[in-house]
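One structure is given below, encoded as structure tokens.
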């Protein structure tokens, strides 16, 4: 943290030279399952949410915001199940400042060992005038009523001022004071639209803590979005303004440009203890596994140069960098790979590798498969090793992720033959397993991929629109696996699918079928709800 963040650290007046000895405890609040899932196309199944929550609980996340219970029966069920299963973390359910929302959230978290209701209302003039059509006094009354209601249901109530960073500071302090007086135990001041700069964000917390009566008795929280690429910087600046909770998500998942990434915030605190006199209780060795788990469940790939958990975060290609690394790792690495769950060593995997070595490799890569899943993954690995000379870590990751994508599918690709070339026409002959029945169709198209997708549509009819088709090579070389991402949209619903194979067209078929399966599952859920 630079010296731009001036002033005494709130609640840490005895800090000298920013030493770790004077560090203050920061609570980590993860909202991957709520704000993260609000990313278009990032919806997750109940089992995926429970698995992510279990992982977050295991690595020491203090608060897990498990969902928005009033949003749907599925969200309510997810929050309830996570509340029942959490061993340590506080489980929060989000609620608008509406009585029905708050009652629903209270019902969803009631089984948690440590339940929390998180309620919010807009406070900025632009929101009050154009969205809520309410006066400032109206909103103060809403805050008083709904926070009081929430406190009657649970002891732990968090209140958020939506669009706090564009709210008049004097009025914001009045809102905070009202929430505290009515029973809020945590006050969240979010940068909802990613508008603030670090200095402004720090100043907002300082002002509210100085001008709202009762501020010393509650915990202040940050919630920052990355629209200007400042989410992590703003979250850390909030700590210097007196916040002691940071709201964040794995991989920075979230609406628009996303939220402050949990892994960045946590590793900044761990790495820069000289400049950031704060601590948290996260077991950082679980970060890479959590990242992979969220990426697989959401269908959102982690960019290669993503801080901390990206593929290239600990990779060095430059000759100068490699020379420095060989002489002393700290010349070009400020973090140890093992601190985030990445191993320095790499087993060379090939067709002669055994099941034990394969399991060990999976553990190094952050995967924990059951016996049946391991057997299936090992079989696929052997088949891949017969087709590829070198099997890299990235190949194995893509293989396991592709298997996970297919595991819950009701329809899957069995075989594919494509006729293509300058003479045309492009034709695809596709065999699929649909609920245990083999179905064969052939179709033509304006290109081989178009022909493949048309064949899928003959077997699995749908009206969805293709909004994304993306291919990238998992590794280098002409025998590299292709990983394909497909995004389909139908009636406002967006679903993503991924597929991997050394044949790009096969990977394309798998990805397309995975997305169609998800749309079908979503339609079934909707029909059952109705």
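The values are calculated or read from the model by the stated rules, or taken from the named source; none is laboratory data. Since we're looking at a predicted model, the values are computed, not measured. Here Cβ is always computed from backbone atoms with ideal geometry, including for glycine, and neighbour counts include all displayed protein chains.
A few points about this structure:
- Failed item in (1) surrounded by 17 or more Cβ atoms within 10 Å (Cβ to Cβ); (2) out of contact with any strand residue (DSSP E or B) (no Cβ under 7 Å at 6 or more places or on another chain); (3) touching a residue at least 60 places away in the same chain (Cβ under 8 Å), with residue 239 passing the rest: (2)
- Matching residues, the stretch 373-414, being crowded, with 16+ Cβ neighbours inside 10 Å, at pLDDT below 70 and in contact with a helix residue (DSSP H, G or I) (Cβ under 8 Å, 6 or more places away or on another chain): 388, 401, 402, 403, 404, 405, 406, 409
- Restricting attention to the stretch 474-498, the residues that are farther than 17 Å from residue 518 by Cβ and at pLDDT below 80 add up to 7.
- Residue satisfying condition, being modelled with pLDDT of 95 or more and either out of contact with any strand residue (DSSP E or B) (no Cβ under 9 Å at 6 or more places or on another chain) or more than 20 Å from residue 281 (Cβ to Cβ) (or both), within set 42, 58, 66, 21: 58
Let's see how each residue does on (1) out of contact with any strand residue (DSSP E or B) (no Cβ under 9 Å at 6 or more places or on another chain); (2) under 18 Å from residue 34 (Cα atoms):
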| position | (1), (2) |
| --- | --- |
| 88 | yes, no |
| 96 | no, yes |
| 101 | no, yes |
| 107 | no, yes |
| 124 | no, no |
| 131 | no, no |
| 137 | yes, no |
| 140 | yes, no |
| 147 | no, no |
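- Residues satisfying the stated conditions in the stretch 496-509, i.e. surrounded by fewer than 24 Cβ atoms within 10 Å (Cβ to Cβ) and part of a helix (DSSP H, G or I): 504, 505, 506
- Taking residues in the stretch 463-487 that are within 16 Å of residue 42 (Cα to Cα), and partners anywhere that are part of a loop (DSSP other than H, G, I, E, B), the pairs with Cβ atoms closer than 8 Å and at least 6 places apart or on different chains are 485/299; 485/301; 487/41.
- Residue 281 more than 10 Å from the chain's Cα centre (by Cα) and either under 22 Å from residue 49 (Cα atoms) or assigned to a loop (DSSP other than H, G, I, E, B) (or both): yes
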